[in-house]
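Read through the structure below, which is laid out as structure tokens, and then see the notes.
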Amino acid sequence: MKRLLLLCVTAFCLGVCVAADTKEDKQFPEKDGVLQLKKGNFKRALRKHDQLLVHFFAPLSGESQRVSTAFQGAAAELKGSKVKLAVVDVSKEKDLAKELNATGHPVIRLYLSGDKHNPVACPVPQSSASILTWLKRRAGSAADLVTDLSQSEASEEVTVVGFFKELNHEYVQVFYATAVELPDVRFVVTQDDDVIAKYGHTHDVVLMLKKSKLIKAYKMTPETSKGVLIVFITIYQMDPVTEYTGQTASQILSSPVLNHALLFVNKSSEDFDEIFSTFSTAAETFRMKILFVLVNVAELRNGRMMEYFRVRDFEAPLIRLVNLSNHVTYHLPSDALSVEIIERFCQDYLEGKAKPKMQSELIPEGWDQKPVKELVGMNLEKVAFNPDKTVFVLFYLPYSKESRAVFPLWEELAEAFEEREDVVIARIDASANDINLSVQGTYPSLCLFPALYAERVVVYTGKKKLKPLIKFVEKEMEKAKKYRAKEDEDRRKYTEAMKAEEAKKANKTKDEL
């Protein structure tokens, strides 16, 4: 009887435990070892785990997906440790994300001892190893970085070496705080005089090495802060010029240097090597101030980047400067690229002398009073797509010799059609106004807009002489007359059909009444 009672008690206890585990599983569902948190269980998860590393993610974000993969890998390594990993889908948990001020993505925070108000921000990791390194460094000290430098000198990856005479110096504290913020970078501390001497430096210096080669040295001073050191390392671990790709986009956009010089160029062009060399030489002058980026216009995946900056492949090579904090864009006003021209443009930009590239210039006073009409972005389409006028527009670059050479010819053409009220000869500065039309070919580009309701553009590719231009305009006007007659007939039929339909509806309503 006692044995039977004992068995019953044991079974009851096991049942309670299983029920409790089942209830807990429902409260804190997991996927690949990562907690799936919502507003209803977030606070309970904070109370349960002393160290809760949470990734607030948006499912459709490519970077969020990459971080989620890193979280799954790190969760497997951290199984059984004091740190628990979790995710919150901000697209579903909008109220929670707003409450915790985690509406951006990806946002990664470490919550300690149940305190939801003072989390520790975690750098966006490149891999699961980044997460593990960050947690380790955060819990460790500079002494953990002391190692045999000879093991790191030949590394393919960049190694940041801090050479300090005293490990308890405040310089070391700044160095280690920087290491915590950059978990994807290898950091080493050494006190070996013989090793450091071969690089021509003394103590209290930070060296960046790659394959035993010194990339750059930074001498620590009392003014050196963690932020300054992060900028130095982040910039010099990158090449002077970084090509924009799917792999480098995150690194470029997260750079602490917010001024970016973008070279739009076709890597298959014959003069690419010369252009790239020129751009790279100028880049060395502005390290730490301007990030130099190459965008290959022949790469289809760069279409969105080109669309954002309103750059077309035939316009390359060209250089744009942009500040990521205000997104104001500047255009290099030159059809030639040399080290001197690029450096002068960058220096003018830093000194506030460069002129921003606007979506449209202001409409100039008396823009339509001269034979050649002066168009800008805000009135281009209104003038060009007038269905009752044939409009011939010169798209030019003011700094281009080829463009300026067409100006006298364009004046002659305007005078030739001055008596024709149905013909407009105009021009527009393509460097100062965003052109939203499918203008093909390099500048100067001569585009005719026929007198049609349909928004058509005909690009002139003939000789830049007066007689061929006049002949071209007259020929296109004759073509447009035929199309216009058909358009008018189609519009008449459409109008009659609409009137008949309205009359039919009116009669039906009348019968129903």
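The values are calculated or read from the model by the stated rules, or taken from the named source; none is laboratory data. Note that the structure is a prediction, hence the values are computed from the model and not measured. For neighbour counting, all protein chains shown are included, and Cβ atoms are generated from backbone atoms with ideal geometry for every residue, glycine included. Protein only, heavy atoms only, side chains kept; ligands, DNA and RNA dropped before computing areas. Shrake-Rupley method; radii C 1.70, N 1.55, O 1.52, S 1.80 Å.
Taking 24 Å as the cut-off for C-alpha to C-alpha distance, list the pairs among 226/355; 48/136; 198/289; 48/226; 165/213 that go past it.
Distance filter (> 24 Å) returns 226/355; 198/289; 48/226.
State, to one decimal in nm, how far the label point of residue 223 lies from the label point of residue 324, with both points 7 Å from Cα in the Cβ direction.
Rounded to a tenth, the inter-label distance reads 2.5 nm.
Please quote Rg/Rh for the range 65-119 to two decimal places, taking the Kirkwood radius as Rh and restricting both calculations to Cα atoms.
We get a ratio of 0.98 for the range 65-119.
State to the nearest 20 debye the size of the charge dipole of the chain about its Cα centre, where the only charges are +1 on K and R beta carbons and -1 on D and E beta carbons.
Rounded to the nearest 20 debye, it is 2060 debye.
Once you charge only the Cβ atoms, +1 for Lys and Arg and -1 for Asp and Glu, what is the size of the charge dipole of the range 170-253 about its Cα centre, to the nearest 20 debye?
Rounded to the nearest 20 debye, it is 240 debye.
Can you give the charge dipole size of the range 122-280 about its Cα centre, rounded to the nearest 20 debye, using +1 on the beta carbon of Lys and Arg and -1 on the beta carbon of Asp and Glu?
400
What is the Cα centroid distance between the range 53-79 and the range 211-245, reported in whole angstrom?
28
Here are a few candidate values for Cα extents along the principal axes in Å: [x] 72, 67, 48; [y] 118, 72, 43; [z] 112, 88, 37. Which one was actually calculated from the structure I just gave you?
Identified label for the calculated read-out: [z].
Where both partners of a DSSP beta bridge lie in the chain, what percent of those bridges are antiparallel, to the nearest 5?
Beta bridges within the chain, antiparallel portion: roughly 55 percent.
How big is D for the range 369-452, in µm² s⁻¹ as a whole number, if Stokes-Einstein is applied with the Kirkwood radius of its Cα pairs at 4 °C and 1.567 mPa s?
Approximately 100 µm²/s, per Stokes-Einstein.
For the range 341-422, which whole-number percentage of the solvent-accessible area (1.4 Å probe, protein heavy atoms only) is attributable to carbon and sulfur atoms?
48
Which helices, taking whole DSSP H runs in the chain, have alpha carbons extending 18 angstrom or more along the helix axis plus mean Kyte-Doolittle at least 0.0?
Flagged H segments are 2-27, 272-285.
Check cross-link reach from residue 467 to the lysines: straight Cα distance under 19 Å, and skip same-chain residues fewer than eight apart.
List returned: 475, 479.
Modelling each spin label as a point 7 Å along the Cα-to-Cβ direction, I'd like the residue 508/residue 95 distance in nm, to one decimal.
The two pseudo-label positions are separated by 4.6 nm.
Where a ≥ b ≥ c are the square roots of the eigenvalues of the C-alpha gyration tensor, would you call the range 173-297 rounded, which needs a/c under 1.5, or, failing that, prolate if a/b is larger than b/c, or oblate?
It comes out prolate by the Cα gyration axes.
With a 1.4 Å probe and all protein chains left in place, how much accessible area per residue does the chain have, in Å²?
Here the per-residue accessible area is 57 Å².
In the chain, with Lys and Arg counted as +1 and Asp and Glu as -1 at Cβ, which of these residues, 201, 397, 231, has the Cα nearest the positive end of the dipole, that is, farthest along it?
In the chain, that residue is 231.
Between the range 279-299 and the range 356-414, what's the alpha-carbon centroid distance in Å?
33
Could I have the simple spin-label model distance between residue 368 and residue 464, label points 7 Å from Cα toward Cβ, reported in nm to one decimal?
2.8
At a threshold of 8 angstrom on Cα-Cα distance, excluding pairs fewer than six apart, so keeping six or more, what relative contact order does the chain reach in percent?
8
Label the range 176-225 by shape, choosing from rounded, prolate and oblate, from the square roots a ≥ b ≥ c of the eigenvalues of the Cα gyration tensor; if a/c is under 1.5 it is rounded, and otherwise prolate applies when a/b is larger than b/c, oblate when it is not.
Oblate, since a/c reaches 1.5 and b/c is not below a/b.
Need the list of lysines near residue 267 for cross-linking: C-alpha distance under 21 angstrom, and skip anything on the same chain fewer than eight residues off.
Reachable lysines: none.
Picking from 128, 60, 49, whose Cα lies most toward the positive end of the charge dipole for the range 46-139 (charges on Cβ: Lys, Arg +1; Asp, Glu -1)?
Ranked along the dipole, the leading option is 49.
Can you tell me how the range 340-391 classifies by the Cα gyration tensor, rounded, prolate or oblate, using a/c under 1.5 as the rounded cut?
prolate
Mind checking the full-extension length gain between residue 166 and residue 386? Use 0.36 nm per residue of separation minus the Cα-Cα distance, one decimal, nm.
The span from residue 166 to residue 386 would gain 71.5 nm if fully extended.
With a 1.4 Å probe and all protein chains in place, put 287, 66 in order of accessible area, largest first.
Result of the area sort, largest leading: 66, 287.
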